[in-house]
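Colleague: Take this structure, written in structure tokens, and hold onto it; I'll ask about it next.
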Amino acid sequence: MGEFLEKLISDFGNKTITTGDVLANKASSYWDPTPIFAKGMARPSSTEELSQIVKCCNEQGQIIVTHGGLTGCAQAANSTKDHLIISLERMNAIEEIDEIGGTITVQAGAILENVQKAVAEKGFYFPLDLGARGSCTVGGNAATNAGGINVIRYGMMRNHILGLEVVTADGTILSSMNRMLKNNAGYDLKQLFIGSEGTLGIVTRLVIKLETASKSTQTALCALDNFGSVINLLQHMKKKTGPRLTAFEVMWGTYFDAVTEEGFHKSPMNRGYPYYVITECSGSNPETDDAIFMSAMEDALETNLIRDAVIPKSEAERNSVWIVREGFEPVLTNKPLFLYDVSLPIKDMESYIDQVHKSLQETWPEMVCYVIGHIGDGNLHLMVCPREGDDSLHDLSDQLVYGPLKEIKGSVSAEHGIGHEKKKWLSHSRSAEEIELMKLLKRTLDPNNILNPGVIF
Ligand SMILES: Cc1cc2nc3c(=O)[nH]c(=O)nc-3n(C[C@H](O)[C@H](O)[C@H](O)COP(=O)(O)OP(=O)(O)OC[C@H]3O[C@@H](n4cnc5c(N)ncnc54)[C@H](O)[C@@H]3O)c2cc1C
């Protein structure tokens, strides 16, 4: 087992430091069912306990890999048998909902969906929302600066965080648990840690700003003939519904058809259209909100912007629309599957995807490429299966996927982060000076390179 691990067990006990079977029974991640590799796992119950464990690790040069819900898409929580995992699973308390200030104080290991439900019970709304809501943690959301389906109206995780508590590499507890909207007293240190993928510190607690719960939600699934109509529908919805617009998600027809094939999700409308969009609005006046939304839909149908639309009339019907977008498991049966998370100007999306598709097809004639995206945020996800059973797409990504992206000044990571997987392409989206400053920050905050080393660069 090793002396260091024995010492940790004797100092912190078997409940906090686990080894062997516990790890053997845990899947590496949502994406990889093989068991976790690590020498052990620490599951601290408080910030203070975590701080002491990290201090010991720093003194011994023990590498730490932090785990939230393991839903991350960039292999940022990968570990080897020499690493110690720090899991935040026992630090999942909802500490306080401040109904006057409109904030929630929560430990980092809390599951996103539990936080959403807790605030909803008090009439509030936490707008961060993504398909992994039932497994991902708010600490992981902060560490990856998660995006999701409501960014078009509310922004990314960064926009929701008022305060953050972090344990840095030497065990220091850096408590910036600010609750105010305005606080310009010096550097806003929490921003350093948000989106740093566990490389600069371990997030332990958060103060999150809440929105007032809306009183109405309107959703539509629309079928469209071409990408020009997708862009025009986005503009149309923005103009007609104003600040009510909360989601605008696009699905290429090949994706829609694949997930609604016989035996998978039930298709809420005819299959076979080139594009599908889910658009959603919410507001505080149900009558007016419904009328505005319906009028926008009618205009879009009358002017042939959309070919067909389904407007759910119940929560169950709404779920049957969203499952098509969020339940992409049917596509995951294609192996090997490569997931890309790019951002680029909306005007370049169609030609970019056409170009990537053409080059992929020239290389692997049998390949499949499914595209979905948070198009209002300029973010597309490509799921590519070369159907040839090898890993060469990873090596050819530069040429086939990221090369054309660089030309239009897109980003190799819109919302998933860089992790281990994409560090080779970081320089496509960040300058040498930016990367040098990132490395300087890392060296300053973690001189022994114990926190998620090798992640990002
Ligand atoms: C079905 C599905 C849908 C998804 N949809 C979206 C989406 O729409 N938008 C989006 O942005 N992402 C999406 N994701 C990706 C993923 O859910 C997010 O990246 C999420 O924020 C990761 O949280 P986690 O708790 O699972 O983190 P993990 O996967 O456990 O970790 C991710 C990274 O954060 C670090 N980390 C975790 N917790 C902490 C902590 N407390 N302190 C410091 N570092 C930490 C890890 O070391 C790792 O580097 C999706 C994933 C799935 C499976």
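Colleague: For the chain, calculate the relative contact order in percent as a whole number, restricting contacts to Cα pairs under 8 Å that are 6 or more residues apart.
Modeller: On the way: 901 pairs, mean separation 70.4, N = 457.
Answer for the chain is 15 percent.
Colleague: With the Cα gyration tensor of the stretch 255-310 in hand, give its eigenvalues times 5 under a square root as the equivalent ellipsoid semi-axes, listed largest first in whole angstrom. Intermediate values should be presented prior to the final figure.
Modeller: Numbers: eigenvalues 142, 45, 12 Å².
The equivalent ellipsoid of the stretch 255-310 has semi-axes of 27, 15, 8 Å.
Colleague: For the chain, what are Rg and Dmax over the alpha carbons, in angstrom?
Modeller: Answer for the chain, Rg first and Dmax second: 22.7, 73 Å.
Colleague: Ignoring any ligand, DNA or RNA, what whole percent of the accessible area of the chain comes from carbon and sulfur when the probe is 1.4 angstrom?
Modeller: Of all accessible area on the chain, carbon and sulfur atoms account for 50 percent.
Colleague: Given the stretch 216-329, report the % of alpha carbon pairs whose separation exceeds 19 Å. If you can, show how the numbers build up before the last one.
Modeller: On the way: 2652 of 6441 pairs.
The proportion of pairs with Cα distances above 19 Å equals 41 percent.
Colleague: So if I average 1/r over every pair of distinct C-alpha atoms in the stretch 94-164 and take the inverse, what Kirkwood radius in Å does that give? Present the calculation step by step, with values, prior to reporting the outcome.
Modeller: Numbers: mean 1/r = 0.0824 Å⁻¹.
Taking the inverse mean of 1/r over all distinct Cα pairs, the stretch 94-164 comes out at 12.1 Å.
Colleague: Could you order E315, E262 by accessible surface area, starting with the largest, using a probe radius of 1.4 Å? Present the calculation step by step, with values, prior to reporting the outcome.
Modeller: On the way: E315 110, E262 180 Å².
Listed by decreasing accessible area, they come as E262, E315.
Colleague: Given the convex hull of the Cα atoms of the stretch 3-87, what is a quarter of its surface area in nm²?
Modeller: Working: hull surface 21.2 nm².
Mean orientational projected area (the stretch 3-87, Cα hull): 5.3 nm².
Colleague: Please give the net charge around I202, taking every other residue with its beta carbon less than 14 angstrom from that of I202, where Lys and Arg add +1 and Asp and Glu add -1. Display every interim value, and only then the final one.
Modeller: Working: positive: R43, K55, R90, K190, R205; negative: E48, E49, E89, E165, D170, E197, D446.
So the environment of I202 carries a net charge of -2.
Colleague: Can I ask one more? Projected onto the charge dipole of the stretch 94-212 (+1 at Lys/Arg Cβ, -1 at Asp/Glu Cβ, origin at the Cα centre), which of L164, G186, C136 gives the Cα projection farthest towards the positive end?
Modeller: G186
Colleague: Under unit Cβ charges (Lys, Arg +1; Asp, Glu -1), what dipole magnitude, rounded to 20 debye, does the chain have relative to its Cα centre? Write out the running numbers ahead of the final one.
Modeller: On the way: 42 positive and 58 negative charges, 155 e Å.
In total the dipole reaches around 740 debye.
Colleague: While we're here: Spelling out what I want: for every residue of the stretch 372-377, take phi, set θ = phi - 60°, compute 6.51 cos²θ - 1.76 cosθ + 1.60 (Karplus), and round to whole Hz; glycine and proline get x.
Modeller: Along the stretch 372-377, the couplings run 9, x, 8, 5, x, 9 Hz.
Colleague: Once every Cα of the stretch 94-212 carries one equal point scatterer and solvent is ignored, give the base-10 log of I(q)/I(0) from the Debye formula at q = 0.14 Å⁻¹, two decimals.
Modeller: -0.52
Colleague: Moving on to the next point. Note down, for the stretch 286-430, the three equivalent ellipsoid semi-axes (square root of 5 times each alpha carbon gyration tensor eigenvalue), biggest first, whole angstrom.
Modeller: On the way: eigenvalues 220, 66, 47 Å².
Taking √(5λ) for each Cα gyration eigenvalue gives 33, 18, 15 Å.
Colleague: Per residue, how much accessible area does the chain have with a 1.4 Å probe, in Å²? Write out the running numbers ahead of the final one.
Modeller: Details: 20220 Å² over 457 residues.
Roughly 44 Å² per residue, with all protein chains present.
The values are calculated or read from the model by the stated rules, or taken from the named source; none is laboratory data. These figures come from a predicted structure and were not determined experimentally. Note: ideal-geometry Cβ built from the backbone for every residue, glycine included; neighbour counts use all protein chains shown. Side chains included, ligands, DNA and RNA excluded: accessible areas come from the protein's heavy atoms. Shrake-Rupley method; radii C 1.70, N 1.55, O 1.52, S 1.80 Å.
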